[in-house]
Amino acid sequence: MASFVHKKIYKKIKQYDSIVVARHMGPDPDAIASQIALRDSIKLTFPNKKVIAVGAGVSRFKKYGMLDKSDFHEMKDALLLITDVPTIERVDGIEDLSYKEVIKIDHHPHEEKICDIEIVDDTASSACQLIAELLFHTPLKMNKTIASTLFLGIVSDSDRFLLAYTTAKTFRIVSRLVEEQNLDFVSLYDILYERPLNEIQFHGYLGNHLNVTENGFAYIKITPQVIQEYNVDISTPSNMINDFNYIKDVLVWVFVTFDEKNNLYKVNIRSRGPVINEIAEKYHGGGHKFASGVRTSSEEEIDSLLKDLDLCCKQYKEMESA
């Protein structure tokens, strides 16, 4: 049964002739997949509408679908749909867009109210799970390609259903995608997990150079020179961080990557127990309790963040042993 908010979102989509779909900067598979799937569903349902998906492209995600060139002259007074992002400041590619209304669909903890119509559910595995629910509960159409894209986003953000955000609802939605669209989900995994040899070698570098403290905090600072040496994309470390779960001696682990082009440190943080999003928020980042991120141009802030996370691990161990 469609909820009231699902009906409101569909009504707004039906109302507008120009629609822009956006997501957060530095996208992961869930961000790209939710954005592409929502755009394609609207276009399939309303062929005469002008619907575009915007933001910086990432070459490794081309198999999810192509983004659109942002010619905003044709999109005046558009409806802006943002997915997988809690705040408007983190939305990518809308700087010159003149939009009339905003709708947010997000699974991160609530940070600020952006618009009147929002779906914010931090118990959901992914933004793709929320988009799938929207499509199932409204007349928005789905085909095999859209279902495949949603499946990839759900699998990626749930880390193959290993994370605590995976629920019975997640499995019901995935089962419905597979059954109704006859998905060959085994072949879809190649899109997520097939990697060139240089990325496997880079993965080994990360494992060999992790710094681990006595408190169970692990971190690595990845220089532009290392990125160049292994010929990997700047986003590659963030796509590998979940691979370092289940290390017995590690509670929290961090990848710090310096983006020379934008003079920005990109920090990915994961946890197996200590709550980390509150610390990330202290440094103008955020995310989930056990999966967060920070962006800053200050190396001093990075060092301070690492100290805070190490202390968090120490306090967590003391509390657990008390």
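Derivation of every value follows stated rules applied to the coordinates shown; laboratory data play no part. Keep in mind that what you see is a predicted model, and the values were worked out from it rather than measured. Using ideal geometry, Cβ is built from the backbone for each residue, glycine included, and neighbour counts are taken over all protein chains shown.
Data overview
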{"quantity": "Inter-centroid distance (Cα atoms) of the range 268-301 relative to the range 123-140, Å", "calculated": "27 Å"}
{"quantity": "The range 95-215 - Rg over Rh from alpha carbon coordinates, Kirkwood radius", "calculated": "1.06"}
{"quantity": "The chain - mean residue ellipticity at 222 nm from DSSP helices (-39,500 (n - 2.57) per run, n ≥ 4, rounded to 500)", "calculated": "-12000 deg cm²/dmol"}
{"quantity": "Per-residue ³J(HN,Hα) for the range 40-45, Karplus 6.51 cos²θ - 1.76 cosθ + 1.60, θ = phi - 60°, Hz, x for Gly and Pro", "calculated": "5, 5, 5, 5, 5, 6"}
{"quantity": "Hydrodynamic radius (Kirkwood) for the range 4-192, which is based on Cα pairs only, to one decimal in Å", "calculated": "16.3 Å"}
{"quantity": "q = 0.14 Å⁻¹: log10 I(q)/I(0) that the Debye formula gives for the chain, counting C-alpha atoms only", "calculated": "-1.12"}
{"quantity": "Sites residue 187 and residue 210 - FRET efficiency at Förster radius 45 Å, r taken between beta-carbons, to 0.05", "calculated": "0.85"}
{"quantity": "Per residue Cα convex hull volume in Å³ - calculated over the range 197-321", "calculated": "96 Å³"}
{"quantity": "By average C-beta atoms within 10 angstrom, highest first, the peptides 232-238, 16-22, 59-65", "calculated": "16-22, 232-238, 59-65"}
{"quantity": "Once the Cα gyration tensor of the range 5-48 is diagonalised, semi-axes √(5λ) in Å", "calculated": "21, 12, 9"}
{"quantity": "13 Å beta-carbon shell around residue 242, net charge (K/R +1, D/E -1)", "calculated": "-2"}
{"quantity": "Order of 66, 142 under a 10 Å beta carbon neighbour criterion, fewest first", "calculated": "66, 142"}
{"quantity": "Rg/Rh ratio calculated on Cα atoms of the range 151-205 (Kirkwood radius)", "calculated": "1.08"}
{"quantity": "Calculated log₁₀ intensity ratio I(q)/I(0) where the Debye formula runs over C-alpha points of the range 207-248, q = 0.19, 0.26, 0.28, 0.30 Å⁻¹", "calculated": "-0.66, -1.05, -1.13, -1.20"}
{"quantity": "Kirkwood Rh (inverse of mean 1/r, distinct Cα pairs), the range 177-226, angstrom", "calculated": "14.2 Å"}
